[in-house]
Amino acid sequence: MDACSGFYRRIWRTIAPRAIAFACIVVLTACGQEPIATPTAAPTRIVEPHSVLPAPSSTPLPIPGTAQYLFAFGHDLLYPTGLAVDRHGNIYVIDAGHQRVQKYDANGTFVGMWGTIGGDDGQFVFRIVGPIPGGIAVDEQDTVYVSDFYDRVQEFTAGGQFLRRWGASGSKAGQMIFPGGLAVDGHGAVYVVDTWNARIEKFDRFGQFQLGWGQRGGGDGEFVYPSGIAVTAGGNVAVSDASTNRVQLFDADGRFLRGWSGLRGANSQMDYPDGLASDAHGGMYLSDNGTDRIRQFDSTGGLVAQWGGTGISAGEFIVPGGIAVDTRGDVYVADVIGGRILKFRR
């Protein structure tokens, strides 16, 4: 990792969270909301690779599998964090720095956006801290679910129309504190990473609490700082834990199945794992926040491939966050500090 990228990482994990959280509090206290933009504000800005590539930031890893970098895109993104892809290939992005959600098609073309800063219906406050509390998911009916700093989940249509909200601040069943990642299974159940309470909660598609599991600790079925979540093709639930550098797998009722942290190959230990996604074949993808790499696992936790590195060139990241996989198996990654979304093909 070079000095420049190390500086950005320190800013992201120390100064930036406090500064942006303070700014959000000031704005909310003073005026309640801050209009940001409209869907017709500007044309799509495609982020192109630099013409002169910097030297590689790290030694290539001895893992055979990698991914083909396709392109990057972004429309005035500031700290893009969570990602979700619907059945039509549309991409939904938490634009955390602007307190809104943006929507793109599979070609990276900007479609629209919604949200302003605030605690009312259709507004957001995304607390910028890594891994980032706040998540986004889309179900098979194209309902978009978004969690944020106000300890709630909001539902929207694919066009951004507010539908309902549910959740409350606290530690009782159905409550949450700093919710993180979201995932939806094939039956419409919504899984919420209740980050501060170190647990997972499961709701039906109308926000009715069904069950929860987990507690603070380092044992099986326990968490310290859970962040990412994904439902596998078989209906199991994978959860990443940034503080213990591991992934755990559960069934749909919260029963622990297995966990893993150490990976095969040199320089392959997890470091601040964040976003999780799954594909149609049982594979899982992890954005490794501390090493600026993406890792792909098979259904048993075996490492299949990894790619990326620290930088702003094609296929590189500075703090990868949310990750999503479309129906073709293409992988989308939010480059948080780089302010762009990168697309890869496996």
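The values are calculated or read from the model by the stated rules, or taken from the named source; none is laboratory data. Since the structure is predicted, the reported quantities are computational estimates derived from the model, not experimental observations. Virtual Cβ from ideal backbone geometry, glycine too; neighbours counted across all protein chains shown. To get the accessible areas, we keep the full protein, side chains included, count just its heavy atoms, and leave off ligands, DNA and RNA. Shrake-Rupley method; radii C 1.70, N 1.55, O 1.52, S 1.80 Å.
Observations on the model:
- In region 242-266, residue surrounded by the fewest Cβ atoms within 10 Å (Cβ to Cβ) [restricted to those that are at pLDDT below 95 and closer than 18 Å to residue 197 by Cβ]: 243
- Taking the numbered list (1) open to solvent by less than 30 Å² (accessible area, probe 1.4 Å); (2) small (Gly, Ala, Ser); (3) within 19 Å of the chain's Cα centre (by Cα); (4) farther than 28 Å from residue 128 by Cβ in turn, residue 221 passes all entries but (3).
- Some residue of region 150-159 being among the aromatic types (Phe, Trp, Tyr), open to solvent by 20 Å² or more (accessible area, probe 1.4 Å) and at pLDDT 95 or above: no
- Filtered by the rule that a residue be open to solvent by less than 20 Å² (accessible area, probe 1.4 Å) and assigned to a loop (DSSP other than H, G, I, E, B), region 139-149 gives 139, 143.
- Residue in region 182-193 that is free of Cβ contacts under 8 Å to residues at least 60 places away in the same chain, open to solvent by 40 Å² or more (accessible area, probe 1.4 Å), out of contact with any Ser or Thr (no Cβ under 9 Å at 6 or more places or on another chain) and under 24 Å from residue 93 (Cα atoms) present: yes
- For the residues 200, 136, the requirement of being touching a Leu at 6+ places or on another chain (Cβ under 8 Å), surrounded by 14 or more Cβ atoms within 10 Å (Cβ to Cβ) and outside any loop (DSSP other than H, G, I, E, B) singles out 136.
- Only one entry in 214, 181, 186 is farther than 21 Å from residue 127 by Cβ and not charged (D, E, K, R), namely 186.
- Within region 300-328, the residues that satisfy the criterion of being out of contact with any Ser or Thr (no Cβ under 7 Å at 6 or more places or on another chain), outside any strand (DSSP E or B) and farther than 18 Å from residue 84 by Cβ are 300, 301, 302, 312, 313, 314, 315, 319.
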